[in-house]
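J.: Before I ask anything, here is the structure I am working with.
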Amino acid sequence: MHTQSQAEERLLFKKTRPLFLSLSALILCSCMPLRQEIAATLPIDTQYLPTPDRHLNIDGLGPCTAQKDRSLHLKSGEPVTVLVHGCHASAGRFRSLAEVFAFQGQQAICYNYDDRASLTRVARELRRTLDTLAEKTDHPAITLIGHSQGGLISRRALSERVDDAPNLNTNRQQLITLSTPFSGIRSADHCASKTARILSLGLVIPICMAISGDKWFEITRASKFIRQPGRLHTNVKDHLIIATDERDSCRTWEDNRCREDDYVFSLAEQALPSAMTDSVVRNRVVKAGHAEIVGYGESIPHTLISTLQEEGILRETKRARLGDYNELLKVLFLQPRQASR
C-alpha cells in the first residue's frame, strides 16, 4: 500500500514528465549538433580575392576554417562580409560559403564565440570587434550575416541597446539574419515558467542552465533580450530577415528516406514584430530547412545563394565561369559529406 508521500511523488513525476521531455527536446532541436566537414581545415582559395595589404589578428575574428592560425589577410577599404555561426557550430561550418564568396572576389571572414555564453555579452563583444575591424581596414562597408542564434547575436550587436559600445564606424553596415528565432525558442518556454519551477521543485533552472549555458533565459519569450530588441543603430542601412519555412524539410537521407528532419524553428518563432516597423527592415520567406539554408545539410544551398545574388550581396557568376562555379559547389557542399559516410 502506497503512503501519501509516495502518491504525491508519483503525481509530481507524472506532472513534470512532459517538462523534462520538452527540455530534452531543446538539446535535440534548438541546437542540433552538425557534422564537421572534412574540408573545414583546408585554407580558402584566394586566387580571385583582391591582394591583401593588411595582416591582422583581432580577437574573435578569423578565416572561415578550422585552422589554428586565425590571422586575417584583407584588402583595406574593400567590402567585408562577416559570418556568424549558430550554436553547436564554429567558423569551420561556414568554410564552403566563404569559398563561394571568395570565388566571386569577395572577402568573407568568420566570428567565433562560445555558444553557451550570455547572448548579451557576446553581442557586446561582437560590436567592439566590428569597430576594431573597421578601424584597421579603413572603414569599409561591412555586411554581417548571422545564422540561427548567430542572427540574434548579430542583430543585438548592431542595435542601440548595446551598453558601452563604440559607434559602427563603417561606410555602410548591412545585416542579414537567417532562420533566426526572434520571438524566442518555444521549446525553452518551460525555462521561464513559474509553474514549471514549482512542479520541478526548482530543478528546472539548473537543468536549463546545464542544457543551454548562461543564455538559458535570454532565449525564452519572457526575456527582455527577446521582447525588447531595441532599434538598430543609425549606421545600419538595411536588415534583411530571411525566414525559413522548414516544414517537410530533411537534413539527412538514407535509402531515399529521410533519416533526420531539418525542422527547428517555426515561422512564428522567426518573426520580429517588435522591430518590423523599422524602415530598414525587410522580410523574405524561403522554403528551406534550418541547416540546408546555409549548406549544413546534404545539398547545395541554392536557395540562399540565389537570394543573396538577387539582393546584390553576392555577385552573379560570369557566364564564362559557370562551369567552374558549378563544379566548385559540388566539391564544397556534396563531396565532403559523401566522403565522411
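J.: Limited to region 99-131, what total is found for residues that are basic (Lys, Arg), surrounded by fewer than 19 Cβ atoms within 10 Å (Cβ to Cβ) and over 13 Å from residue 214 (Cα atoms)?
T.: Of the residues in region 99-131, 1 are basic (Lys, Arg), surrounded by fewer than 19 Cβ atoms within 10 Å (Cβ to Cβ) and over 13 Å from residue 214 (Cα atoms).
J.: Identify, please: which residue in region 313-334 is surrounded by 12 or more Cβ atoms within 10 Å (Cβ to Cβ) and part of a loop (DSSP other than H, G, I, E, B) and is, among those, modelled with the lowest pLDDT?
T.: The residue in question is 334.
J.: Quick check on this structure: which one of 146, 151 is under 12 Å from the mean Cα position of the chain (by Cα), buried (at least 24 other Cβ atoms within 10 Å of the Cβ) and not in a helix (DSSP H, G or I)? First the steps, then the outcome.
T.: Values: 151 fails: not in a helix (DSSP H, G or I).
Checking each option against the conditions leaves just 146.
J.: Scan region 266-302 for residues that are touching a Phe, Trp or Tyr at 6+ places or on another chain (Cβ under 8 Å), farther than 25 Å from residue 234 by Cα and modelled with pLDDT under 85 and jot them down.
T.: Of everything in region 266-302, those that are touching a Phe, Trp or Tyr at 6+ places or on another chain (Cβ under 8 Å), farther than 25 Å from residue 234 by Cα and modelled with pLDDT under 85 turn out to be 298, 299.
J.: List the pairs whose first member sits in region 294-316 and is without any contact (Cβ under 8 Å) to a residue 24 or more places away in the chain, whose second member is in a loop (DSSP other than H, G, I, E, B), and whose Cβ atoms are under 6 Å apart, counting only residues at least 6 apart or on separate chains?
T.: 303/288; 309/316
J.: Just give me the residues in region 201-258 being in a strand (DSSP E or B) and among the basic types (Lys, Arg), in sequence order.
T.: 237, 251, 257
The values are calculated or read from the model by the stated rules, or taken from the named source; none is laboratory data. Small disclaimer: the values here were computed from a predicted structure and weren't measured. Note that we place each Cβ from the backbone using ideal geometry, even for glycine, and neighbour counts take in every protein chain shown.
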